[in-house]
Each structure stands twice: as structure tokens, then as C-alpha cells.
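Before any comments, here is the structure.
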Amino acid sequence: MALDPALLALVKNAKNKYSRSSKSVKLKEGKTTLRLVGHPGKKFWAENGVHWIKTEKNGKPVAVTGCYDEVHQQPCDICAAIDKASKTATDDDTLSIIKEWKMKKSVLINALIRSGADASEDPQVVELTPTVFGQMLSTIEEYQASDVDILDLANGVDFVVERMGKGLDTEYRVMTAPKSKPVPAGTLEKLIDLDAYIEKEFFRGDDRKALTAIANMTGISIGPALTGPARAGLLTGPAGAVEDAVIEDVVEELDAVTKEPAVDTAAADKAAAALKTAADKVAAEKAAAVKVAVAAKTVAAAKAAAAAKAAEAATIVPEDTSAGLGKSEVDAMLAELDGLEA
């Protein structure tokens, strides 16, 4: 009996998710000859950024996830969590592990590897350091200045990359090969979609696992589960981002305070100025911004008899606007504003 069509679709989707592609090739020690391959006139590389989350020094990663900031130019909850963890860590060992969590950048290309154990006439995804790829781009420009297209499939030029040393002492030297072979016919049809490769390999839904590991190790708090690419903020406290629209709503409410006919203008102006300062200080915390908006509405509803207290409430906002507004400060401000109705 055949599978139900709906179940079959789920099986196919799961297969795509859990079937890893062939691993990218990293340049090995010694010399590697390779040929960059791409569709003429189109971008032939893709920038990648990855977080490798470990819970012990030199241990295996418990989660591997792409960096939304580097790859998608979106706020990255992993980066925010790492930043928050680094500020709360108190011992060198923990700080050392946290440092390893930070995004590692690389550049992926399609290439024919001409020499070594990975040699193949089929294109492979090759992972390069930004420095090596930068040297290749410089070489491409130099050849182009002499009207030579180094990427031409028939008459282009192979690269030779020499890797020397290991670990932090690793160095690379990029050269052009003295002799180059043309790209075999049909190679373009075999090119790997680099953007799709990155999505499949590094954006597999491991964000929550990574954040949980970070929270368990460092004690920071994280919010609800991810909601997809347009994710809601995961971190509680000052690490969350405030949208411009939220701040604008707060300012509009505060401006309304000065238009309330039953409130003394001078006192209301002071209260409004104090709360605007608070709104600026919570530019990195949406939850606090919402509370400030509620506080603004409370001031707008206050009567003339509360004007003096509203002016006094302004004094509870710290003068140092460069610091983030802490939860205790917000709570104190709200408690004071709640007393305006008394």
C-alpha cells in the first residue's frame, strides 16, 4: 500500500533537512591547485558565518548554526546571547570558551581541485579564509588590467594556494599556476548552489539548541522559541532590540502629555522630558519600551492635582543616558508613576 500523499511530502521534506550535503573542502597543508568556476557574469562566491557552540575547551560542538547577521543581514540571536554571556562571565576558562562561540567567517566557492587527495574533475564547494579569497580577487583584478579573464572557462588560469603551519600560526600564499587546463564541458551544469548549500548545512533549526547550551553554561536567560527568519527577540533584558515604531509610539504618547489641558504645562513638560530620556535609554529593550509607553499614558491621564508629583517623577530617571536602563530602574519609575493617581 502506498504512503499517504501528505505523509510522503513530510518524508521528502524531512529527508532534505536531515540529509547532509557533501562536506565542503578545506585547503590542506602544502600546495593545492584549483580552478574557480562560476557562471559568466554572475557572482561566483558566497559569504558564510558560523557559530560553533562548545561547552568545554577543545570539546566537540553541541550545536552548529549559521550567523543570521553575516549571512542574512538580520539580527542574530546567537550573537546577542554570546555578547550577553561575555559580559556576565567571571572566570577566564568560561570567557575562553565564549570566545570560541563567536562567528567564524569564511568564503565558499565552486572549484575544480586539480591536485591532492581531494582532486576531482567535478566542481566541489571549497571553503576559503577571507584573506585567501581577498588575494584571489586581487589577482583577478591584476590580470583584468591586462585584458586577461582569469575566470574564462577555456583560457582562464588555475590558482595554487600553499598552506603553511597549523593553528594560529597558519599562513597562506596565493599564486597562479604556470600551466592551466580548460574547464571540462558540462561543468557549469554541475555547479552547487552555494546559498542553498549554506541554508541546508548551517540553518537547520539548531538555534534553540545553541541558545539553550549557552544559557545552561553561563546562566543567562533566553526567551521563547524561534519563530523563523523574521524571529522575535529571544533574549530577555537589555539585549533585545527596540523597533523604531515602538519608540515613535512612545514619543507620540509623551507629546500628548503636554497637550492635556488639565495638567500644568511646566510640570508636564518636565515629566515628558524625563520619560523621553527613558525611551532613549531603552533603545535596546522592547519590553521596557512598552512599559514606558504605558507610563506615558498614565501621565496623560493624570489630573492637575498630580502635576507636582509628575515633575518629581522626572528625578527618578538616571542622568547617565549612555547606560542601559535596568529592570530595577524601570520598575522604580513605573511604581512612582502609578502613584500619580493616588
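The number of residues in the stretch 115-131 being surrounded by 19 or more Cβ atoms within 10 Å (Cβ to Cβ) and either of a type outside the set (A, V, I, L, M) or touching a Phe, Trp or Tyr at 6+ places or on another chain (Cβ under 7 Å) (or both) comes to 3.
Pairs are defined by a Cβ separation below 9 Å, a sequence spacing of at least 6 or placement on different chains, a first member in the stretch 154-175 that is farther than 30 Å from Thr187 by Cα, and a second member that is surrounded by 17 or more Cβ atoms within 10 Å (Cβ to Cβ) and not small (Gly, Ala, Ser); the pairs so defined are Thr170/Thr129; Thr170/Arg163; Glu171/Arg163.
Of the residues making up the stretch 165-178, at least one is more than 35 Å from the chain's Cα centre (by Cα), surrounded by fewer than 12 Cβ atoms within 10 Å (Cβ to Cβ) and assigned to a loop (DSSP other than H, G, I, E, B). Taking the criterion of being part of a helix (DSSP H, G or I), more than 16 Å from Leu108 (Cβ to Cβ), without any contact (Cβ under 8 Å) to a residue 40 or more places away in the chain and in contact with a Leu (Cβ under 9 Å, 6 or more places away or on another chain), would at least one residue in the stretch 127-142 satisfy it? Yes. Please verify whether Val107 is part of a strand (DSSP E or B) and either under 26 Å from Gly167 (Cα atoms) or within 23 Å of the chain's Cα centre (by Cα) (or both), treating the condition exactly as stated. Against the criterion (part of a strand (DSSP E or B) and either under 26 Å from Gly167 (Cα atoms) or within 23 Å of the chain's Cα centre (by Cα) (or both)), Val107 qualifies.
Read the figures in this text as sums done on the coordinates, not as results from a lab. Predicted model, so just to flag it, every value in this text is computed and none were measured. As a convention, Cβ positions derive from the backbone with ideal geometry for all residues, glycine included, and neighbour counts pool all protein chains shown.
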